[in-house]
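For reference, the structure discussed in these notes is given below.
What follows is calculated from the coordinates using simple rules that are stated; it is not laboratory data. As the structure is a prediction and not an experimental result, all values here were calculated from the model. Here the Cβ positions follow ideal geometry from the backbone for every residue, glycine too, while neighbour counts run over all protein chains shown.
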Amino acid sequence: MKVIRRLLLFVPLLLIASWGLAAPSATTGAGAVDAAWVKAFKANDLEAVMGCYAPDAVVWLPDAPEAKGAQAIRESYQALFSANTVQDVALSETHYATVGNRSIGWGKFSMTMVPKATGTAAVATGRFTVVAEKRGGKWLYTVDHASMNPPPAPKK
């Protein structure tokens, strides 16, 4: 029932976004959190990354189990930062819709990381969807879902 209620909350957001009535700005809502997250990630700053998330947020990172709540999210990112140094992060093809205290965002990402074990830079690309809420005057992620791009389709 909770899932249905949450989905029903976002149907109006999606309709408003499709009609062009929502605030599309990347400087508020999910767009503002995305900007803070990118800055924190480029700095390899775990505390700044954690500042982007609500205490009860849920995160699905590529090739990682669900991280629900601040402690699990911290452990996921700590593992990532312990094993890698982030060199660059970029978001592209972003879209945002904000209505009231809720905001959604989606797009594509590119991330360059250097595994500490090998020292060889690797680029990861994928797509993301986020949900943010304004809590206590601050926009925070409540849902963050990223997935890697699928391999190209085989040529016929």
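With Cβ to Cβ distances under 15 Å as the rule, what net charge do the other residues near Ala90 carry (K, R +1; D, E -1)? Charge balance near Ala90 sits at +1.
Full extension of the chain between Glu47 and Thr28 gives 4.7 nm of extra length, using 0.36 nm per residue less the Cα-Cα distance. Across region 94-135, the residues whose backbone nitrogen lies under 15 Å from the label position 7 Å along the beta-carbon direction of Ser82 are 116-117.
The lysines whose alpha-carbon is closer than 26 Å to the alpha-carbon of Lys138, local same-chain residues fewer than 8 away aside, are Lys2, Lys39, Lys42, Lys68, Lys108.
Sort Ser92, Ser147 so that the residue with the fewest other Cβ atoms within 10 Å of its own Cβ comes first and the one with the most comes last. Please list the in-between numbers first.
Values: Ser92 9, Ser147 14.
Listed from fewest to most nearby Cβ atoms, that is Ser92, Ser147.
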